[in-house]
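The values are calculated or read from the model by the stated rules, or taken from the named source; none is laboratory data. All figures in this text were calculated on a predicted structure; none of them were measured in a lab. So basically every Cβ, Gly included, is an ideal-geometry build from the backbone, and we count neighbours across all protein chains shown. All accessible areas refer to the heavy atoms of the entire protein, side chains included, with ligands and DNA or RNA removed. Shrake-Rupley method; radii C 1.70, N 1.55, O 1.52, S 1.80 Å.
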Amino acid sequence: KLGPKKYLDRLIAALNAYLTSPLMDNDQVLTELYQFLIAPLTVYLPDHFTVIPDGVIGTIPFDILKDTTGQLLIRHHTVHYAHSFTTLSDTTKREEPTCEICLLAPEYSEDRTDISASRGSLYPLKYNQMEIDSIAQLYGQRASTPRIEDDRTLLDSIASVEIFHFAGHAIVNADGAFLALSAKDIPDQQLTLEELSTLKRGPRLVVLSACETGLGQFDVGEGIRSLGRSFAEAGTKASVISLWNVDDRSTSRIMVSFYKYLLSGYSVAEALRNAKLEYISVSEDGMEHPYFWAGFVGITHSSN
């Protein structure tokens, strides 16, 4: 009903070129994707709608598509994401959390002096510590910023919190994916997909403020095997994940704003949308390109 997959693949290739070139001002592909994915299905798009992505569609941030009037969808719509039509109710008794939010911003100073502008390498980051400090101020005594020695102590720390926020580097490659706890290339400093999926109790909300945490190997019938998906398998109800190598500075600003809205009573999807719109409204010239603000999406894993 939508059209040939080969045409969709060409559009996604053009989208990737656009998103990796922040100085590019030709955004025709955003309208073309709207015409391909949405226009054939409905003449009226609800204010709130859910995307259940399959295959390469899982790499598209619907917020940036442009409708027939030339408006970004995020201007008038809240986009939810889910893994399937059916959601399983969690009947497991959940223990009382030790704190509401656990915040982690690893240091990446091992033999590296340059500062990275993105969260897709193992170079030191300039804004990740500022990010969790600002979020911790919002939560006060309900926040925890533990010192993590290795992957096992991190698993223990996040097993008894309501929200886990990771601001750092994630590495995604053909062999798998992991959250990097330091710049050291050793197993106990890497929290892997496999380790995450064995969590006995996933936090209610997981925010992976790092690069490509929504990407990974695509398994037919299973979807994208991402870091975010591993938390879902452990029982996490919702997550915020990224679709590309995100900018360090803009990510920090959007995340702090996201929690302000979340604490004001907005849902995950609404809080993320409001944070993006706030960023767009105050962004400096040249920083309003979707590369800087559209990389994160909110995923619902369960109806609870």
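Between Arg249, Arg152, Arg204, the Gaussian network model of the chain with springs among Cα atoms under 10 angstrom shows the greatest mean-square fluctuation at Arg152. Counting only DSSP H runs of at least 4 residues, each contributing -39500 (n - 2.57), and dividing by the residue count of the chain, the helix-based mean residue ellipticity at 222 nm comes to -9000 deg cm²/dmol.
Rounded, prolate or oblate: which one fits region 1-77, using the alpha carbon gyration tensor with axes a ≥ b ≥ c (rounded when a/c is under 1.5, else prolate when a/b beats b/c, else oblate)? Judged from the Cα gyration tensor, region 1-77 comes out oblate (a/c at least 1.5, b/c at or above a/b).
Could you look at region 166-267 and say what percent of its accessible area is carbon and sulfur, using a 1.4 Å probe and all protein chains?
Details: 1830 of 3720 Å².
Within region 166-267, the accessible surface is 49 percent carbon and sulfur.
Work through the residues other than Ile163 whose Cβ is under 12 Å from its Cβ and net out their charges, Lys, Arg +1 and Asp, Glu -1. Present the calculation step by step, with values, prior to reporting the outcome.
Values: positive: Arg142, Arg204, Lys237; negative: Glu100, Glu162.
So the environment of Ile163 carries a net charge of +1.
Using the Cα centre of the chain as the reference point, and only Cβ charges (+1 on K/R, -1 on D/E), how large is the resulting charge dipole? Debye, rounded to the nearest 20.
Values: 26 positive and 39 negative charges, 158 e Å.
Roughly 760 debye, rounded to the nearest 20.
Assuming a ≥ b ≥ c are the square roots of the Cα gyration tensor eigenvalues, decide whether region 100-190 counts as rounded (a/c under 1.5), prolate (otherwise, with a/b larger than b/c) or oblate. Here region 100-190 falls in the oblate category.
Normalised by the number of residues in the chain, the average gap of Cα pairs under 8 Å and 6 or more apart makes the relative contact order 19 percent. Based on Cα contacts under 8 Å between residues 6+ apart, region 1-67 shows a relative contact order of 44 percent.
Counting lysine pairs in the chain whose alpha carbons fall under 23 angstrom apart, excluding pairs fewer than 8 residues apart on the same chain, gives 13.
Given points 7 Å out from each Cα along the Cα-Cβ axis, report the Ser264 to His48 separation in nanometres with one decimal. Placing both labels 7 Å beyond Cα along the Cβ direction yields 1.7 nm. Dividing the mean sequence gap of close Cα pairs (under 8 Å, 6+ apart) by how many residues region 179-258 holds gives a relative contact order of 32 percent.
On a per residue basis, the convex hull of the C-alpha atoms belonging to region 213-304 measures out at 103 Å³.
Can you give the accessible area per residue of the chain, in Å², using a 1.4 Å probe? Mind showing how you got there, number by number?
Working: 14560 Å² over 304 residues.
Here the residues of the chain average 48 Å² of exposed surface.
Both radii are taken from the alpha-carbon atoms of region 135-252; with Rh as the Kirkwood radius, Rg/Rh is 0.94.
Under a Gaussian network description of the chain, with springs only between Cα atoms under 10 Å, the residue in Ser157, Ser209, Ser281 that fluctuates furthest is Ser281. A value for percent of Cα pairs over 35 Å apart was derived from the coordinates, and within the list (1) 15; (2) 28; (3) 46 it appears as (1). Averaging 1/r across all pairs of distinct Cα atoms in region 163-223 and inverting the result yields a Kirkwood radius of 12.6 Å. Among Gln189, Gln217, Gln141, the residue with the largest mean-square fluctuation in a Gaussian network model of the chain, with springs joining Cα atoms closer than 10 Å, is Gln141.
The trypsin sites (Lys or Arg not before Pro) found in region 257-304 include none that occupy coil by DSSP while having at most 10 further C-beta atoms within 10 Å.
Counting only other residues whose beta carbon sits under 13 Å from that of Ile64, what net charge do I get with K and R as +1, D and E as -1? Can you show the working numbers first?
Numbers: positive: Lys66, Arg75, Arg273, Lys276; negative: Asp27, Glu32, Asp63, Asp67, Glu288.
Counting the neighbours of Ile64, the net charge comes to -1.
With the charge dipole of the chain set up from +1 on Lys and Arg Cβ and -1 on Asp and Glu Cβ about the Cα centre, the Cα lying farthest toward the positive end among the listed residues Pro40, Ser157, Ser109 is that of Pro40.
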